[in-house]
Amino acid sequence: MRSLPITLKSVDVSLVMHMAERATRPASRRNYLWLSKSADGWLYLISPLIVALCSSVIAATQYFTVCGTAYAVERALYWTIKNTTRRLRPPQAIPGLRSVIVAHDRFSLPSGHTSGAFLFITVLSQTLSPLWLLGYFWAAGVGTSRVGLGVHFPTDVCAGAALGTSVGLLISGAIL
């Protein structure tokens, strides 16, 4: 018996199929949807107000400056990469796969929800407290949910995590 070689593409497809099967379970689907929605952007918009209420004006101003600059850079890179690579989403690339949700845009690489979540946690941990590093568990859950919902491959999520973390570290390092 001859086995097929293991490639990054075959691992990507296998993981999407496995997670899509899990999404047929109501509890998994509910958790994937909740995690994905938690990174839709509303949290990032209200976070400067929360920081201002819980910290000093100086800390809030510093956070707002780093956060705004980082998101401007990250979104520009995200759209450039996404529209240059033009990687198809799993339902278009895997025959018979149906996603749980409809994606906001056409292409898959990198995952914007994951990139935004990792950027958010990186900026919080760099500007406010290292305790925010625990938020990476949430950010990883956001990425996992995007695969489970059938709108991203695991490599899209890894690319999004790398993009968000890198931009967060670079911008906070440059400004702080």
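The values are calculated or read from the model by the stated rules, or taken from the named source; none is laboratory data. On a predicted model such as this, the values are computed, not experimentally measured, just so you know. Positions of Cβ are generated from backbone atoms using ideal geometry, with glycine treated the same way; all protein chains shown enter the neighbour counts. Just the protein is used for accessible areas: all its heavy atoms, side chains included, with ligands, DNA and RNA removed. Shrake-Rupley method; radii C 1.70, N 1.55, O 1.52, S 1.80 Å.
Numerical summary
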| read-out | value |
| --- | --- |
| Test result for Arg75, open to solvent by 70 Å² or more (accessible area, probe 1.4 Å), over 22 Å from Ser166 (Cβ atoms) and part of a helix (DSSP H, G or I) | no |
| When residues of the range 35-47 are limited to those that are in contact (Cβ under 8 Å) with a residue 24 or more places away in the chain and not small (Gly, Ala, Ser), the one surrounded by the most Cβ atoms within 10 Å (Cβ to Cβ) | Leu35 |
| Residue match in the range 78-101 (condition: open to solvent by 50 Å² or more (accessible area, probe 1.4 Å), over 25 Å from Val13 (Cβ atoms) and of a type outside the set (Val, Ile, Thr)) | yes |
| Of all residues in the range 95-119 being within 12 Å of the chain's Cα centre (by Cα) and of a type in the set (A, V, I, L, M, F, W, C), the one that is farthest from Thr165 (Cα to Cα) | Leu109 |
| Tabulated pairs, the range 131-153, first at positive phi, second at pLDDT below 95 and of a type in the set (A, V, I, L, M), C-beta under 8 angstrom, 6+ apart or interchain | Gly150/Val16; Gly150/Met19; Gly150/Ala20; Gly150/Ala23; Gly150/Leu97; Gly150/Val100; Gly150/Ile101 |
| Pair list, Cβ under 7 Å, 6 or more apart: the range 115-129 residue on the phi < 0 side of the Ramachandran plot, other residue in a helix (DSSP H, G or I) and among the charged types (D, E, K, R) | Ser115/Glu74; Leu119/Glu74 |
| Residues that are free of Cβ contacts under 8 Å to residues at least 40 places away in the same chain and outside any helix (DSSP H, G or I), drawn from the range 48-72 | Ser56 |
| Residues (assigned to a loop (DSSP other than H, G, I, E, B) and surrounded by 13 or more Cβ atoms within 10 Å (Cβ to Cβ)) located in the range 1-34 | Ala23 |
